[in-house]
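Read-outs: derived from the displayed coordinates by stated rules, not from any lab. These numbers were taken from a predicted model, which means no experiment stands behind them. Glycine also receives a Cβ, built like all others from the backbone with ideal geometry; neighbour counts cover every protein chain displayed.
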């Protein structure tokens, strides 16, 4: 352990010497690019689109991390989150090999907005999985904005934005047909994946089709097999683009991502010994947009877009537990839960109308209307055997019970907002100012809900079980909330900027926080229909430099959240269907806390010799509940990365990187401290071998070369430590035609 701590200290020192946030991999290669020479990368060449319009990263005051398709090809890339977690300020949460999510600067997915091609992914649960329902082989790039962005994206964007942009076709002067076949294999879980993409197009149209399949067995860790971590998945998507008139562009896409038999080794919603699987978990997306460009000299763009996205979750949970109770007459009652099947359908539909005005060469205004609605339908069936034994041990009776429940009532969350953001370039572009604001109205509606709908015992249906509780009355609530932001970039010297970002953000309570009902026996976890929105106040100050051989950035941030929603002890006062009132101890979602998160990030890249590059990063976050003077849960430890890459366009590239994290002891009540660790990875890729119009590129590498046994702190929220994967050899081949 002492040697590990020395490595961590050394990495920390290197990270402080070099301060940066734009690595040598933050460029965005197009589908036609088969190889990227790293020495051509410059900050001013990188274009991002998550701020509603395409703009150069050098002119963006927000703190961003960008990962592109080449990064996913070079690495083992089990899910979208695996590669993003190597970026400073971004950590990965996990409920198994497939089910993974992100934590940005100490805030999880419930306080971020996840987008797929600009469309919201709304599915808040106790299990992470939003970023697992995306085909990593079809990713063009992922843009992560670290910091509050409610002005542009509304409720939930307190911690940032994760925008996954998938590959697209393109218009061309001459008709074309291109394709790509990508396959890979990983030894750590005997997984394989295959991806086929074909695109064709001409001057006024294009069409892109792709399909993929992946399968994995249980993953091997240095401490043994992680049981129930296998999965299967398949994906289909299509994109169509049409130019019906000059300066008019119509786009349509369909995505279907489906997984079966996905093992969940554990989760916060389950008992420690329980096992669970997603028998089916899938996402279907339809979206379309119509944009008119260059309407006038001043009115440069008007775009209308709409989407419909449905996420289906069908879970089977085996409690693997038993309750034994001695009755007053001396008999024994044994209750054995057999199976629990929570199922949910999450539907999100939305539309946006956005305009862009260039009032002058130095002033750009974005304004729009954003409307979206989320509908939730859930069911849960509990299959239980109840056996009664006589005092002499003989069986008196066996009851087979099915308890049918609606854990979250049929409910909807509707948000409608208007937003505006103005960018001004002053002092001969030495100073760039961004100022924006947003006003939202939110309507939440729900049907009446009971703790149990009906019970089937030994084949007999009881639609009015005794003591049936009304958990939530039918209701409709409204909220009006606002957000604002101000950002600035000031050039203090050539290629050197000071960046400041200030924001007021908000998060309206989710349907789960308002309406959840989880029966834990002695008490329940209960939602609260009267919750207020959380308010966030965010500041980020950074310094960045980009030169021909060195690119570096450092930033410090603070994020204060009021009206923070936590589960607080209380009493559940409920009405029964027979007209009586009673109470039950409960953990009730309440606005009773205040949070303060602060920290820093450093990142950069350095070409220290011809064809040789070093990249380095480090990040640290502290999260405190200031109301109760305790640490917040699920805060990642200090982490750092140091890598060296040799890149020669004639042959290919090879990289060696060291990842490290410190011990995390600043934890909330009930959490488990985790030790620090160091992990060594290696990757290599060839140049593109050309065969006429075809090309072949090979990738490979080794993750966790030393087979180090370590724990990701954000995977301990289930109360059960899970070791991360052990040594993994991987290979991938990309054939283009």
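Extension gain for the segment residue 628 to residue 399, taken as residue separation times 0.36 nm less the Cα-Cα distance, is 77.8 nm to one decimal.
Relative contact order, whole percent, for region 60-139 stands at 32, derived from Cα pairs under 8 Å and 6 or more residues apart.
With R₀ set to 41 Å, the beta-carbon distance separating residue 345 from residue 608 gives a calculated FRET efficiency near 0.15.
Can you tell me, using C-alpha contacts under 8 Å and at least 6 residues apart, the relative contact order of the chain as a whole percent?
On the way: 2189 pairs, mean separation 94.7, N = 737.
Answer for the chain is 13 percent.
Taken as Cα centroids, region 329-367 and region 461-512 sit 12 Å apart, rounded to the nearest whole angstrom.
Tilt of helix 2-17 relative to the longest C-alpha principal axis of the chain, in degrees (0 to 90, nearest 10)? Once rounded, the angle reads 50 degrees. Over region 329-398, the reciprocal of the mean inverse Cα-Cα separation, the Kirkwood hydrodynamic radius, stands at 18.2 Å.
The packing ranking of peptides 676-688, 131-143, highest mean first, is 131-143, 676-688, where packing means the average number of other beta carbon atoms within 10 angstrom of each residue. Indicate the gyration tensor shape class of region 145-203 (rounded, prolate or oblate), computed on the Cα atoms with a ≥ b ≥ c the square roots of the eigenvalues: a/c under 1.5 is rounded; otherwise a/b larger than b/c is prolate and the rest oblate. Judged from the Cα gyration tensor, region 145-203 comes out oblate (a/c at least 1.5, b/c at or above a/b).
Assuming 0.36 nm per residue, please report the length gained on full extension of the stretch residue 705 to residue 174 beyond their Cα-Cα distance. List each step's numbers first, then the result.
On the way: separation 531, 0.36 × 531 = 191.16 nm, distance 4.74 nm.
Length gained, residue 705 through residue 174: 186.4 nm.
In nm, to one decimal, how far is the modelled label at residue 359 from the one at residue 480, with both set 7 Å along Cα→Cβ? Going from the residue 359 label point to the residue 480 one covers 2.6 nm.
So what's the back-of-envelope 222 nm ellipticity for the chain, counting only DSSP H runs of four-plus at -39500 (n - 2.57) apiece and dividing by all residues, rounded to 500?
-1000 deg cm²/dmol
For the chain, how big is the tail of P(r) above 35 Å, as a whole percent of Cα pairs? Don't skip to the answer; put the middle values down first.
Details: 126550 of 271216 pairs.
When all Cα pairs of the chain are counted, 47 percent exceed 35 Å.
Note on residue 53 and residue 550: the model spin-label points, each 7 Å out from Cα along the C-beta direction, lie 3.4 nm apart. Note on region 359-516: Rg/Rh from C-alpha atoms, Kirkwood Rh, equals 1.34. Using 0.36 nm per residue and subtracting the Cα-Cα separation, the extra length available between residue 473 and residue 582 on full extension is 37.7 nm. Run the Debye formula on the Cα coordinates of region 427-564, all scatterers equal and no solvent, and tell me log10 I(q)/I(0) at q = 0.12, 0.14 1/Å. Once normalised to I(0) and log-transformed, intensities are -0.71, -0.83. With each label modelled as a point 7 angstrom along the Cα→C-beta vector, the residue 690-residue 464 pair spans 8.1 nm.
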